[in-house]
Amino acid sequence: MKYHIIILSTYPRRQCGIASFTRDTVRALKDPKNRPYVESIEALAIDNEGRKYGKDVSRVINQADPNSWLEAADYVTKKAAEWKEPTVVLSEWEYGIDTSPTGDSFSQFNKRIKNANAGEQIIQLHWKHTVLKTPNEHQLKVANEMAEYTDAGIVTTRSSVDTSTNPPYECDPEKIKPIHHGVHILDPKKKDRLAVKRELSQEGPHGLEDKFLVLTPGMPSPGKGIEDSIKAFARFRNTSLKHNQHEAVYIVLGKPHPVYEKEKNGEPCSAYLQGLYDLSLEEKLRPEILTQPEQLKEISMLDTDIVFLRYTPSDKKLLEFFCAANTIALFYKNLQQSSSGIFAWSIGAGRIPVTTKYPHACDIINPRGHKEGGLIFDEHSLGVLVNGERPTQGAAAFDLLAFNRDLRNAVEAKELDFASRNMHWPDVSDDILRLAHSVWLKKARQVGRGIELRRERTAPPYALKRRKKPLLRRHLK
């Protein structure tokens with residue numbers, strides 16, 4: 001069976017994690033191996049600034065205009081009616097993307113399609129990128145509507161399945177499936193940490209090859225907990241590296257989210273970044289702020305302890321920094337975060353995350369014991385779980401990884417094994433297509449059309465008797 005696939009989401013050129021995720025989803029579904037199953041694929045781009053998009057985008061939706069969403073739903077219904085093959089509509093759903101006055105544009109989009117009575121011709125899926133344990137009234141209403149108006153939902157972790165299918169939510173457990181966040185599996189040669197550090201050192205920042213590198217990639221904002229990771233890093237240097245402090249360096253890589261940058265003319269964002277710089281000085285670190293890639297050539301890690309790279313790197317350059325890192329610091333404050341692309345990239349690159357205890361991290365790093373308090377790490381872990389607001393725990397995690405090279409290498413090998421078996425983008429695309437096909441089979445199956453028999457006795461005329469004694473060999477003679 002072949003399918004036409006339409007994905008509703010943000011999309012590059014817009015800068016946000018879900019846009020990048022959707023681009024990678026489209027690329028994975030376009031892979032030649034999927035040609036027997038994918039007839040066509042296109043994206044409906046949710047936009048807030050009138051951007052121009054590439055050929056993958058067939059229609060642009062005005063994020064703040066409910067009518068624009070409904071017109072897009074009518075477009076989908078019309079296209080599906082023209083095609084012979086079934087159509088899969090996948091909504092990449094996130095609360096923050098819908099800024100319409102009613103805040104229910106995702107659910108109304110799917111309701112419009114559902115009410116078109118297309119039968120098995122349209123398969124409606126939604127990927128829940130946020131699953132809140134304690135939603136407010138509006139968030140709960142929209143979540144339940146999405147479950148009602150679509151045929152199946154996808155979440156990133158198994159704990160999110162439990163959350164989504166228990167009160168206060170009203171979702172049928174049969175309609176929720178966990179699918180891992182996709183990652184790119186690199187050639188092992190590209191993961192040679194020392195070789196990558198040497199290459200980066202030639203381009204800048206210089207002197208990186210002899211350093212223990214802590215990296216925090218992503219879009220800096222107050223919810224990322226970077227203040228906590230700076231304090232933990234400083235404590236690690238002052239205690240574990242008391243006489244060799246400059247052997248460890250910290251890089252914060254990424255430009256703040258565009259929405260945060262523009263908020264109140266950028267004043268809160270500027271104040272926040274200046275606060276990180278000032279905190280670094282208070283912790284006796286030597287900070288540098290760079291806004292252009294070219295400035296890296298001017299920086300030496302012999303004279304700098306922490307570098308804030310305030311720009312958006314290419315995917316290639318981002319992966320290089322991942323591969324150069326000795327550990328990834330993700331001290332997120334939102335402990336309800338059910339999906340994190342940066343965390344997934346850490347596992348895919350085989351770099352150990354030191355992270356707070358949000359569902360995506362707990363489910364993968366240590367699903368057995370993440371409910372315990374304090375620092376969590378054992379022989380099964382794929383990273384280290386900490387309480388971000390306790391600098392001593394973050395410092396202890398950095399110490400554990402810095403002075404146990406064999407342990408670090410063993411954990412990284414387990415990460416790569418896990419990612420290659422569960423998170424590779426081709427496998428994620430397979431899971432999406434399998435789910436779509438499963439829904440189509442259920443919708444296309446016709447039942448209940450034959451004769452219905454009625455029993456005239458209150459009990460069946462047969463009774464199954466259990467043997468009181470086990471069946472022995474002599475009974476078979």
**Study point:** ILE226, sole failed condition from (1) touching a Ser or Thr at 6+ places or on another chain (Cβ under 7 Å); (2) surrounded by fewer than 18 Cβ atoms within 10 Å (Cβ to Cβ)
**Key:** (2)
Exercise for review: Kindly indicate which of ALA463, ALA436 is modelled with pLDDT of 60 or more and surrounded by 12 or more Cβ atoms within 10 Å (Cβ to Cβ).
Suggested key: ALA436
Review point. Among the listed residues SER300, SER201, SER229, SER280, which satisfies the condition of being in contact with an Asp or Glu (Cβ under 7 Å, 6 or more places away or on another chain) and either over 18 Å from LEU401 (Cβ atoms) or among the hydroxyl-bearing types (Ser, Thr, Tyr) (or both)?
Key: SER201
Revision key, fill the gap. Checked against (1) surrounded by 17 or more Cβ atoms within 10 Å (Cβ to Cβ); (2) modelled with pLDDT under 90; (3) not β-branched (Val, Ile, Thr), ASP430 satisfies every condition except (2)
Check your understanding: ILE41 versus (1) under 21 Å from ALA152 (Cα atoms); (2) in contact with a Leu (Cβ under 9 Å, 6 or more places away or on another chain); (3) surrounded by fewer than 17 Cβ atoms within 10 Å (Cβ to Cβ): which is the lone unmet condition?
Key -> (3)
Study note, to complete from the structure: When PHE106 is run through (1) surrounded by fewer than 18 Cβ atoms within 10 Å (Cβ to Cβ); (2) in contact (Cβ under 8 Å) with a residue 12 or more places away in the chain, the failure sits at (1)
Point to revise | Residue list for the range 44-87, restricted to those being small (Gly, Ala, Ser), under 25 Å from LYS442 (Cα atoms) and surrounded by 17 or more Cβ atoms within 10 Å (Cβ to Cβ) | key: ALA73, ALA80
Check your understanding: Could you say which residue among LYS211, LYS177 is in contact (Cβ under 8 Å) with a residue 40 or more places away in the chain and either more than 18 Å from ILE352 (Cα to Cα) or not assigned by TED's automatic domain parsing to the domain that holds ASP278 (or both)?
Key -> LYS177
Exercise for review: Search the range 378-414 for residues being part of a helix (DSSP H, G or I) and among the β-branched types (Val, Ile, Thr), and hand back the single one that is nearest to the chain's Cα centre (by Cα).
Suggested key: VAL411
Practice item. Hey, can you tell me all the residues within the range 1-52 that are under 22 Å from TYR95 (Cα atoms) and charged (D, E, K, R)? Key: ARG13, ARG14, ARG23, ASP24, ASP47, GLU49, ARG51
Revision key, fill the gap. The residue from PHE321, PHE233 that alone is surrounded by 13 or more Cβ atoms within 10 Å (Cβ to Cβ), closer than 22 Å to VAL384 by Cβ and within 22 Å of the chain's Cα centre (by Cα) is PHE321
Point to revise | Qualifying position, being of a type outside the set (Asp, Glu), farther than 19 Å from HIS181 by Cβ, buried (at least 21 other Cβ atoms within 10 Å of the Cβ) and not assigned by TED's automatic domain parsing to the domain that holds THR22, among SER346, SER280 | key: SER280
Review point. Applying the selection to the range 365-385, what residues are β-branched (Val, Ile, Thr) and either surrounded by fewer than 18 Cβ atoms within 10 Å (Cβ to Cβ) or at pLDDT 95 or above (or both)?
Key: VAL384
Review point. Within the set of pairs 6 or more residues apart or between chains, which connect a residue that is more than 14 Å from LYS357 (Cα to Cα) inside the range 387-404 to a residue that is crowded, with 16+ Cβ neighbours inside 10 Å and of a type in the set (Ser, Thr, Tyr) with Cβ atoms less than 6 Å apart?
Key: ASP399/SER240; LEU401/THR327
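The values are calculated or read from the model by the stated rules, or taken from the named source; none is laboratory data. Computed from a predicted model, the values in this text were never measured in an experiment. So basically every Cβ, Gly included, is an ideal-geometry build from the backbone, and we count neighbours across all protein chains shown.
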